[in-house]
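Accompanying notes for the structure given below.
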Amino acid sequence: MEQAWHFETEAIHHAQQPEEATGAVIPPIYATSTYAQLEPGVLRQGFDYSRADNPTRRRLEQALARLEGARYGLAFASGVAATSALLTLLAPGDQVLAGDDTYGGTYRLFEQVYRKYGIGFSYADLSRPEPVKLPDRTKLIWLETPTNPLMKLADIAEVAARKGPALLAVDNTFASPYLQRPLELGADIVLHSMTKYLGGHSDIIGGALLTSDAELYERLKFIQLSVGAVPSPFDCWLVHRGLKTLALRMRAHSENGLAVARMLAQHPKVGRVYYPGLEEHPNHQVAARQMSAYGGMLSFELKGNVKHFLRQLKIFTLAESLGGVESLVSQPATMTHASIPRAERLRRGIGDELIRLSVGLEHPADLIADLNNALEDA
Ligand code: P1T
């Protein structure tokens, strides 16, 4: 879709006009569950109940859609609630082809919730250049790129060109629309955990779906209303506030991420470093084509004692999640990806020595010193 302004300007102004009644530059939070009707079924502004729609949520949905180059946006109570809304469009016997490295909670939702409703899931390494054969009745291709936690990239345009009638959904959580715009590359729908870079401050849980397909939007809007996993007006307001600094933050996350990745790549206590901005990353060419910078997420293999290393860190906090201004560290095997059975996890390449960093916006020299110090002790 045409954008009238550059990303930074849209992020600050789209769906954020001063409020009519008072002139408030920042539109208020509409903390209301319901709306007074003029007569039964005759609404003032189209709002009847906040599970169906709320002005604060609507502004956020419009702003997010604009930033992803989508016509329509829908906000949900979490990233997995958004994923679940998409999966409810499927019917027993339908197949989903997913990448073989995804957030552990996405895998758990596929395997432990939706499989029992007769939906089939298969997995393939979509970061490899050779095309993957789609199983019969594939209705949905699920692409996380970059993947969590191994930072693999799939060529979105390449997968889109071969998807046939299947829907292509891209989980754009790690990149954010500032670094990567999957709809422009042929995806049908984009998913976000708004909990991460969109919110940007580790203070809300939320998710979103963005699409330009009117029919798909109507079906998902029906699910949003009927299943009801909607975010609160306050959470929507916080995410909308976060969007205004998204461009600035993503540039800084990317600079810090690259600096940390380069330091780790030459450290004797570090094995492989997984960061798409490094030239030796197997998908670096794809990254350079479809991303404008490489973000703040990276993983690496520690040659040393994981517990000692984690205990020595002073700036990086040991915690799940990512994408906030503060740096976080995690051990995917025991944390974010613990719900994947051990054998499957190891087959995917997520061993106990794998460490994941969400590189924040602190000064890079402090981050590097913190890591160097902890590595010495590992
Ligand atoms: O946590 P929630 O907002 O429900 O989002 C789920 C989700 C979806 N997609 C990706 C790529 C994710 O990373 C996540 C959540 N991930 C973490 C909590 C984590 O620490 O990896």
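Before moving on, here are some points about what is shown:
- Sequence of E61, E20, E326 when ordered by accessible area, the most exposed leading, probe 1.4 angstrom: E20, E326, E61
- 0 to 90° range, to nearest 10: angle between helix 214-227 axis and the chain longest Cα axis: 90
- Helix 55-68 axis, angle to the chain major axis (alpha carbon atoms, nearest 10°): 50
- Relative contact order of region 108-230, pairs being alpha-carbon contacts under 8 Å that are 6 or more residues apart, as %: 16
- Modelled FRET efficiency - R0 30 Å, R262 with E184, Cβ distances, 0.05 increments: 0.50
- The chain - charge dipole about Cα centre, Lys and Arg +1 at Cβ, Asp and Glu -1, debye rounded to 20: 600
- Whole-number Å³ per residue for the convex hull built on Cα positions in region 1-119: 181
- Between the amide H of L298 and those of L357, V359, distances stay under 5 Å, these residues lying 5 or more places away or on another chain, with hydrogens modeled in the peptide plane.
- Karplus 3J(HN,Hα) series, Hz, for region 362-375 with 6.51 cos²θ - 1.76 cosθ + 1.60 (x for Gly, Pro): 5, 5, x, 5, 5, 5, 5, 5, 4, 5, 4, 4, 5, 5
- Between helix 246-265 and the chain: long-axis angle, C-alpha atoms, 0 to 90°, nearest 10: 10
- Rounded to 0.05, the FRET efficiency of the A91 and T32 pair, given R0 = 35 Å and the Cβ-Cβ distance, is 0.45.
- Inverse of mean 1/r across different Cα pairs in region 246-377, Kirkwood, Å: 15.0
- Restricting attention to region 7-243, close to 40% of DSSP beta bridges with both partner residues there are antiparallel.
- Each residue of region 135-145 was assigned a 3J(HN,Hα) from its phi angle through the Karplus expression (A = 6.51, B = -1.76, C = 1.60, θ = phi - 60°), giving x, 4, 6, 5, 9, 9, 10, 10, 10, 9, 8 Hz with x at Gly and Pro.
- Taking one quarter of the surface of the C-alpha convex hull of the chain gives a mean projected area of 19.3 nm².
- Calculated FRET value between T9 and I368, using beta carbons and R₀ = 22 Å, to 0.05: 0.05
- Separation of the Y117 and E326 label points, Cα + 7 Å toward Cβ, nm: 3.6
- Using C-alpha pairs below 8 Å separated by at least 6 residues, the relative contact order for region 7-243 is 25 percent.
- Subtracting the Cα-Cα distance of R241 and Q312 from 0.36 nm times their residue separation leaves 22.2 nm of extension gain.
- The helix-based estimate of mean residue ellipticity at 222 nm for the chain, built from -39,500 (n - 2.57) per DSSP H run of four or more residues and divided by its residue count, is -9500 deg cm²/dmol to the nearest 500.
- Annotation: extensible slack from E353 through A214 equals 45.5 nm (criterion: 0.36 nm per residue apart, minus Cα-Cα distance).
- Average Cα contact separation per residue, region 171-269, under 8 Å, 6 or more apart, as relative contact order %: 26
- Under 5 Å between amide hydrogens, built in the peptide plane, is the criterion, and for D94 it picks out G120 among residues at least 5 positions away or on other chains.
- Here the accessible area is traced with a 1.4 Å probe on the protein chains. For the chain, carbon and sulfur cover 54 percent of it.
The values are calculated or read from the model by the stated rules, or taken from the named source; none is laboratory data. If you're wondering where the values come from, they're calculated on a predicted model, not measured in any experiment. Counting neighbours? That spans all protein chains shown, and the Cβs are built from the backbone with ideal geometry, glycine included. These area figures cover heavy atoms from the full protein model, side chains too; ligands, DNA and RNA do not enter into them. Shrake-Rupley method; radii C 1.70, N 1.55, O 1.52, S 1.80 Å.
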